[in-house]
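First comes the structure, then the notes that go with it.
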Amino acid sequence: RNTVKKYISLFELLGLSFEAIDAKTDAELEVLFSQNTVETIDPRLQKLYDFFPQMERELKKVGVTVQLMWERYITIHPDGFKSSQFRHHFKIWSKR
């Protein structure tokens, strides 16, 4: 339902008629209704997010803690996030 609501609101926002939409090809509709906004993400944060899938697998092992994973992360990325921010971003990422 949310997807349908999204497309209906985009349709209303564009102000096109049903005939105009019907006349368009699938490729044109995709361009018209796709999200054109590209979010730029901080390279440091991207490196952190790239680390999290491996970290999630490692945390399932016995004896592996978030603190241990942060220590591995900071060894690989010395300019990376400190422990509290690391935990904060992991919490946000894991809820996705």
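The values are calculated or read from the model by the stated rules, or taken from the named source; none is laboratory data. Computed from a predicted structure; not experimentally measured. Using ideal geometry, Cβ is built from the backbone for each residue, glycine included, and neighbour counts are taken over all protein chains shown. To get the accessible areas, we keep the full protein, side chains included, count just its heavy atoms, and leave off ligands, DNA and RNA. Shrake-Rupley method; radii C 1.70, N 1.55, O 1.52, S 1.80 Å.
Summary table
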{"item": "Helices (runs of 4 or more DSSP H) completely within region 1-63 that count 3 or more residues being basic (Lys, Arg)", "result": "43-59"}
{"item": "Every residue from region 1-20 that is open to solvent by 100 Å² or more (accessible area, probe 1.4 Å) and within 22 Å of the chain's Cα centre (by Cα)", "result": "Arg1, Asn2, Lys5"}
{"item": "Where a residue in region 1-15 is under 16 Å from Val31 (Cα atoms) and its partner, wherever it lies, is at pLDDT 80 or above and surrounded by 10 or more Cβ atoms within 10 Å (Cβ to Cβ), with Cβ under 8 Å and at least six apart", "result": "Phe11/Ile21"}
{"item": "Pick from region 42-79, criterion hydroxyl-bearing (Ser, Thr, Tyr) and touching a residue at least 24 places away in the same chain (Cβ under 8 Å), ranking: surrounded by the most Cβ atoms within 10 Å (Cβ to Cβ)", "result": "Tyr73"}
{"item": "Count of residues meeting criterion [more than 19 Å from the chain's Cα centre (by Cα) and not small (Gly, Ala, Ser)] in region 76-96", "result": "5"}
{"item": "Verdict on Ser84 being modelled with pLDDT of 95 or more, open to solvent by less than 90 Å² (accessible area, probe 1.4 Å) and of a type outside the set (Lys, Arg)", "result": "yes"}
